[in-house]
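The values are calculated or read from the model by the stated rules, or taken from the named source; none is laboratory data. The shown structure was predicted, so the numbers you read here are calculated from the model rather than taken from an experiment. Here Cβ is always computed from backbone atoms with ideal geometry, including for glycine, and neighbour counts include all displayed protein chains.
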Amino acid sequence: MVSHGCGNKPWGMYFTSEKAVVSNVPESHKSSVGKYIIGQRGVSQWGIKVKYLLHGQESTNNNAARRAIVLHSWEMVNDNPVYPAGTPEGWGCPAVSNNSMRKIDKLLKGSNKRTLMWILN
């Protein structure tokens, strides 16, 4: 389960669960689709306090670093499927559950290889 951006709706809600609206525009609070290279590990203010910088590789997401779009965890994201409700919406970052991030972090932290993440709509 991964959250997406809320756009102009309040974050933490479920307004766009059926049809996420995407954008690459700064301050849009929308997620961006396309291929990303997962970059440097850092400290997050959310979830388990781990984040990974995301480097957009396409015209649909090449503002990711400028927009501070990162991969992080969030307590509000569930481990289990939540259809049709969906996941709560954030400000455009792909956020996963704390348990998922622990697994992802273990894989990424121990690797010296570049990792591709692909976000589809």
For the stretch 70-97, what are the residues that are farther than 21 Å from His55 by Cβ and without any contact (Cβ under 8 Å) to a residue 60 or more places away in the chain?
Glu75, Tyr83
Which pairs turn up if I take residues in the stretch 98-121 that are under 20 Å from Val43 (Cβ atoms) and look for partners that are surrounded by 14 or more Cβ atoms within 10 Å (Cβ to Cβ) and of a type in the set (Phe, Trp, Tyr) with beta carbon separation below 7 Å, at least 6 apart in sequence or on another chain?
Leu108/Tyr52; Met117/Tyr36
Strands (runs of 3 or more DSSP E) wholly inside the stretch 1-94 containing at least 1 residues that are touching a Ser or Thr at 6+ places or on another chain (Cβ under 9 Å) and polar (S, T, N, Q)
70-73
Going by what's in this entry, would Ser100 be described as polar (S, T, N, Q) and outside any loop (DSSP other than H, G, I, E, B)?
yes
Looking at (1) over 12 Å from Ser3 (Cα atoms); (2) surrounded by 17 or more Cβ atoms within 10 Å (Cβ to Cβ); (3) modelled with pLDDT of 95 or more, find the lone condition where Leu71 falls short.
(1)
Quick check on His29: is it closer than 21 Å to Thr115 by Cα and either surrounded by fewer than 14 Cβ atoms within 10 Å (Cβ to Cβ) or within 12 Å of the chain's Cα centre (by Cα) (or both)?
no
Scan of the stretch 108-121 for residues that are over 16 Å from Tyr36 (Cα atoms) and either assigned to a loop (DSSP other than H, G, I, E, B) or modelled with pLDDT of 95 or more (or both), ordered by number:
Gly110, Ser111, Asn112
